[in-house]
Amino acid sequence: MGKGGGCVPSKKKVPSSIAAEATDDARAHDGERSTPIPIEEDQPPIGSSGNATSEVSVSVSHPVEKLKIFIVFYSMYGHVESLAKRMKKGVDGVDGFEGILYRVPETLPAEVLNQMKAPPKDPSIPEISAAELVAADGILFGFPTRFGCMAAQMKAFFDSTGQLWKEQKLAGKPGGFFVSTGTQGGGQETTAWTAITQLAHHGMLFVPIGYTFGAGMFKIDTIRGGSPYGAGVFAGDGSRQPSETELALAEHQGKYMAATVKKLFQA
């Protein structure tokens, strides 16, 4: 999480109008780093000798903290992870926002994963605990389908959020979904909409992408995952990797979520 540095403010008195302006800048959520605020020199008092004294001009900068979109996913063969990484690019492309990648804990033992020929996890992406969700300003959850619903690993993670539900710590936070399925009828829509119950019980705000991707949502000349619920990929037997259109849709969803969160903070 990047934070801007601040210089030590002058002990000299700052006019109230300038102080109010500095306070407003510090509270702004438009994503732009506040520029140093020039303090105009006071008019020196003129004595009988005609000599003048002047105040020293100083500038004050204020730290601006970026809003955080957590991209929390489970990926066994890397398809959902590919979408997540491209989604982060979309979030990072919006001024004042940072996308942070997290994976949920694996529930299968290593020997089972080896038998399933699952590749090793990327060690640069940390696992997340339920309590850490509170720090997010918005959350995008990604997971593969299991018979039209989320994979058990993601469901286990949601099941661990009971204390957050009890205290309604996630109420009001925007959330969205992106998925991976094996076939065209394998759950590109149902995998997402059956997950909406998780957000509803937490009081979260579901943010679908609708048809905001434009013409890309209507392309049928090639296979394309994704739906109005969120980005998606068709994995087939596991050998098919996300197409550029599927990745572009994931990037769009990242930008769209960040823009939505920005509007909520500016309201």
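The values are calculated or read from the model by the stated rules, or taken from the named source; none is laboratory data. Keep in mind it's a predicted model, so treat the numbers as computed, not measured. FYI the Cβ positions are ideal-geometry reconstructions off the backbone, even for glycines, and counts take in every protein chain you see. SASA here: full protein model, heavy atoms, side chains in, ligands and nucleic acids out. Shrake-Rupley method; radii C 1.70, N 1.55, O 1.52, S 1.80 Å.
Quick look at the numbers
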read-out: Residues satisfying the stated conditions in the range 250-264, i.e. open to solvent by 80 Å² or more (accessible area, probe 1.4 Å) and either over 14 Å from Phe70 (Cα atoms) or without any contact (Cβ under 8 Å) to a residue 40 or more places away in the chain (or both); value: Lys263, Leu264
read-out: Complete set of residues in the range 122-175 that are exposed (fewer than 12 other Cβ atoms within 10 Å of the Cβ), under 16 Å from the mean Cα position of the chain (by Cα) and under 16 Å from Leu199 (Cβ atoms); value: Val134, Gly172
read-out: Subset tally (residues that are assigned to a loop (DSSP other than H, G, I, E, B) and of a type in the set (Val, Ile, Thr)) for the range 101-142; value: 4
read-out: Residue check, Thr183 open to solvent by 10 Å² or more (accessible area, probe 1.4 Å), under 24 Å from Tyr77 (Cβ atoms) and at pLDDT 95 or above; value: no
read-out: Options Ile100, Ile39: the member that is at pLDDT below 60 and either of a type outside the set (Asp, Glu) or more than 30 Å from Thr245 (Cβ to Cβ) (or both); value: Ile39
read-out: Which numbered condition Asp221 fails, given (1) open to solvent by 80 Å² or more (accessible area, probe 1.4 Å); (2) within 24 Å of the chain's Cα centre (by Cα); (3) of a type in the set (Asp, Glu); value: (2)
read-out: Evaluation of Ser227 against (1) open to solvent by 10 Å² or more (accessible area, probe 1.4 Å); (2) more than 19 Å from Gly78 (Cα to Cα) (one fails), failing number; value: (1)
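Each row is one residue, and each column tells you yes or no for (1) touching a Gly at 6+ places or on another chain (Cβ under 9 Å); (2) over 25 Å from Glu246 (Cβ atoms).
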site: Gln163; (1), (2): no, yes
site: Lys173; (1), (2): yes, yes
site: Val179; (1), (2): yes, no
site: Thr190; (1), (2): yes, no
